[in-house]
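Student: Below are the structure tokens for one structure; questions will follow.
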Amino acid sequence: MTKMAIMGYGVVGSGVYDIVTKNADTITDKTGDELKVKYILDIRDFDDHPEKHLFVKDADIIAADDEVTLVAEAMGGATFAYEFTKKMLLVGKSVVTSNKELVSKKGTELFRIAKEKNVSYMFEASVGGGIPIIRPLVNCLAANRIQGIYGIMNGTTNYILTKMFKENQSFDVALSDAKRLGYAEQDPTADVEGFDTMRKISILTSLATGWKAECDKIPTEGITKISAEDVACAEKLGCSVKLIGYSKIVNGKVTARVCPMLIPSDCPLYGVEDVFNAILVKGDMVGDVMMYGRGAGKEATASAIVGDLMDVVRHKGVFDKNFSWDEEAENGFADSSDELNAFFVRCEKTKAEIEKVFNNVKFVNGCDNAFVTEEMTEKEFEVKTASLGGILSKIRVYK
Ligand code: HSE
């Protein structure tokens, strides 16, 4: 029997408890071992819980119990979760998490401790909720040089975009539903301003390169400026609008970004709606591979955590270097202002004024003063838009 603890009994932590309890027989069948929850750490009281005796408020009780070899961290954030994860790894317990903030901020240090103690620190649930993406990237696609990763990686924003622009809901109603459904972060600014996606693309890029792709090197923009007019014009072009996190890896140099993008209908990301996420990986040998599924929510995220827990049980919690990265590489990032992109623009200027500045543009039929530019560098685009003036919106176009 493997005895485990759950740290944090919110949406995800309670989902882990439910799966470990309800699917105990299948877990035992598949791992050849019984997985038993011995403690649940939470500062709140759960007096109505059927196993209320499991709850503790002090992480040291778990750390001091040698019977517990495995811990699921579902606390979120990078303060107490960091302190307690470190504590557990240092006393030789394996830790499994969905905490993308912690993995993206402190992963390098936590991997180092896990390596020293020869235990696992696994984080499949940190990107894409229930979608298998970390393991496919690290194992199944290992033979490839990864050339690009493009993902709809935030369930909350994809849900909001779908509800606002397909069902005419207001932003506030869609966001409050996303909170009620357990999709949004405690502070949903991280969702709507793109920081959650930034952390996720940082994690995937770090795994693909083997060096830490720091979040502060990833220009990030959320969905709050997207208007109904933008979406209507995009539809006239045969495109949808999605919040995309991407990284392109050329000759070992990374260009990464989080931003809304126009997605053409022949791209598999085009029709991904609601809470669903999809991550498109471009390998030099395999070509395009896309993983699709529920990107947020209790059961979906807990399913990925329990999959990791079972993996640790099967492999007895040894450190696997492939699920880690080293320090940031010097000059690992390309200059993002040199990146080539085509842009969709809406503005208050006449066609003649637009053509004078941008030369070759494709105007959008049925949308006043909306156009798509040819490909140009980010800095060239900034100069041209500053010169044109009267810009209402600018959105990159997926190529
Ligand atoms: N708030 C996140 C999302 C949760 O909406 O995708 C899953 O990481």
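The values are calculated or read from the model by the stated rules, or taken from the named source; none is laboratory data. What you are looking at is a predicted structure, and each value in this text was computed from that prediction instead of being measured. Note: ideal-geometry Cβ built from the backbone for every residue, glycine included; neighbour counts use all protein chains shown. Each accessible area value is taken on the protein alone, full model and side chains, heavy atoms only, with ligands, DNA and RNA left out. Shrake-Rupley method; radii C 1.70, N 1.55, O 1.52, S 1.80 Å.
Student: Tell me, what ³J(HN,Hα) does each residue in the range 161-173 have, in order and in whole Hz, if you take phi through Karplus 6.51 cos²θ - 1.76 cosθ + 1.60 with θ = phi - 60° and put x for Gly and Pro?
Tutor: Values, residue by residue: 4, 5, 5, 5, 9, 9, 10, 6, 7, 7, 4, 5, 5 Hz.
Student: Now for a separate question. Taking the dipole about the Cα centre of the chain, with the C-beta of Lys and Arg at +1 and of Asp and Glu at -1, give me whichever of V68, N99, V250 is farthest to the positive side.
Tutor: It is V250.
Student: Hey, if we sort R112, R199 by accessible area with the 1.4 Å probe, largest down, what's the order?
Tutor: Greatest to least solvent exposure: R112, R199.
Student: Normalising by the residue count of the chain, find the relative contact order in percent from Cα pairs under 8 Å and 6+ residues apart.
Tutor: Taking the mean separation of contacting Cα pairs over the length of the chain, I get 18 percent.
Student: Among D48, D335, D274, whose mean-square fluctuation peaks in a Gaussian network model of the chain (Cα, cutoff 10 Å)?
Tutor: In the Gaussian network model the winner is D48.
Student: So for the range 1-149, taking the charge dipole from beta-carbon charges (+1 Lys/Arg, -1 Asp/Glu), which of F123, I146, I113 sits furthest toward the positive end?
Tutor: Among F123, I146, I113, the one farthest towards the positive end of the dipole of the range 1-149 is I146.
Student: What's the carbon and sulfur percent of the chain's accessible surface, probe 1.4 angstrom, rounded to a whole number?
Tutor: With neighbouring chains kept in place, the figure for the chain is 48 percent.
Student: Also, quick follow-up: Using a Förster distance of 22 Å, how high is the FRET efficiency between V318 and I43, based on the Cβ-Cβ distance and rounded to 0.05?
Tutor: Values: r = 32 Å, r/R0 = 1.47.
Computed FRET efficiency for V318 and I43: 0.10.
Student: From the phi of every residue in the range 292-303, what ³J(HN,Hα) in whole Hz does the Karplus formula 6.51 cos²θ - 1.76 cosθ + 1.60 yield, where θ is phi - 60° and glycine or proline is x?
Tutor: Karplus-based 3J(HN,Hα) across the range 292-303 equals 9, x, 6, x, 7, x, 4, 5, 4, 5, 5, 4 Hz.
Student: Right, another one. Take every Cα-Cα distance within the range 20-103, group them into 5 Å bins from 0 onward, and report for each bin the whole-number percent of pairs it holds.
Tutor: With a bin width of 5 Å, the distribution comes to 3, 13, 21, 23, 20, 15, 4, 0.
Student: Turning to a different aspect of this structure: Report the Cys residues of the chain lacking a disulfide-compatible partner, meaning no second Cys Cβ under 4.7 Å from their Cβ.
Tutor: Result for the chain is C140, C215, C239, C259, C267, C347, no neighbouring Cys Cβ within the cutoff.
Student: Under a GNM of the chain (C-alpha, springs under 10 Å), which listed residue has the highest mean-square fluctuation: S120, S202, S387?
Tutor: S387
Student: In the Gaussian network model of the chain, springs joining C-alpha atoms below 10 Å, which of A370, A64, A296 carries the largest mean-square fluctuation?
Tutor: A64
Student: Same structure again: When the dipole is taken about the Cα centre of the range 339-397, and only Lys, Arg (+1) and Asp, Glu (-1) are charged at their Cβ, what size is it in debye, to the nearest 20?
Tutor: It comes to approximately 140 debye.
Student: Sticking with this structure for a sec: With everything on Cα atoms, drop me the angle between helix 80-90 and the longest principal axis of the chain, reported from 0 to 90° to the nearest 10.
Tutor: The helix 80-90 is inclined about 50 degrees to the chain.
Student: Gap in Å between the Cα centre of the range 313-340 and the Cα centre of the range 99-123?
Tutor: Here the answer is 12 Å between Cα centres.
Student: On to the next question. Please report, in debye to the nearest 20, how large the charge dipole of the range 279-399 is about its Cα centre when each Lys and Arg carries +1 at its beta carbon and each Asp and Glu carries -1 there.
Tutor: Working: 16 positive and 22 negative charges, 136 e Å.
Taking the Cα centre of the range 279-399 as origin, the dipole is about 660 debye.
Student: In what order, largest first, do K248, K225 sit by accessible area if the probe radius is 1.4 Å?
Tutor: Highest to lowest solvent-accessible surface, that is K225, K248.
Student: Separate question: If amide hydrogens are placed 1.01 Å from N in the peptide plane, which non-local residues have theirs closer than 5 Å to the one on W211?
Tutor: D326
Student: Just to be sure I understand the curve: with the Debye formula and one point per C-alpha of the range 245-332, what is log10 I(q)/I(0) at q = 0.15 Å⁻¹?
Tutor: -0.92
Student: Whose amide H sits under 5 Å from the amide H of V254, counting only residues 5 or more places off or on another chain, with H placed in the peptide plane?
Tutor: Here the answer is F333, A334, since their amide H atoms fall under 5 Å of that of V254.
Student: Would you mind working out the magnitude of the charge dipole of the chain relative to its Cα centre, with +1 at each Lys and Arg C-beta and -1 at each Asp and Glu C-beta, to the nearest 20 Debye? Present the calculation step by step, with values, prior to reporting the outcome.
Tutor: Working: 49 positive and 60 negative charges, 118 e Å.
Result for the chain is approximately 560 debye, rounded to the nearest 20.
Student: Okay, moving on. Roll a 1.4 Å probe over the protein chains and send me the accessible area per residue for the range 134-294 in Å².
Tutor: 39
Student: Can you tell me the 0 to 90 degree angle between the C-alpha axis of helix 11-22 and the longest principal axis of the chain, rounded to 10?
Tutor: Around 50 degrees separate the two axes.
Student: For F55, which sequence-distant residues (separation of 5 or more, or a different chain) have an amide H within less than 5 Å of its own amide H, given hydrogens modelled in the peptide plane?
Tutor: Counting only residues 5 or more places away or on other chains, the set is I40.
Student: Using the Karplus curve 6.51 cos²θ - 1.76 cosθ + 1.60 with θ = phi - 60°, what ³J(HN,Hα) values do you get for each residue of the range 259-273, in whole Hz, with x for Gly and Pro?
Tutor: 6, x, 9, 7, 10, x, 5, 8, 8, x, 7, 3, x, 7, 10
Student: At 222 nm, what helix-only mean residue ellipticity would the chain give, in deg cm²/dmol to the nearest 500, using -39500 (n - 2.57) for each DSSP H run of four or more?
Tutor: Only helices count here, giving -11000 deg cm²/dmol.
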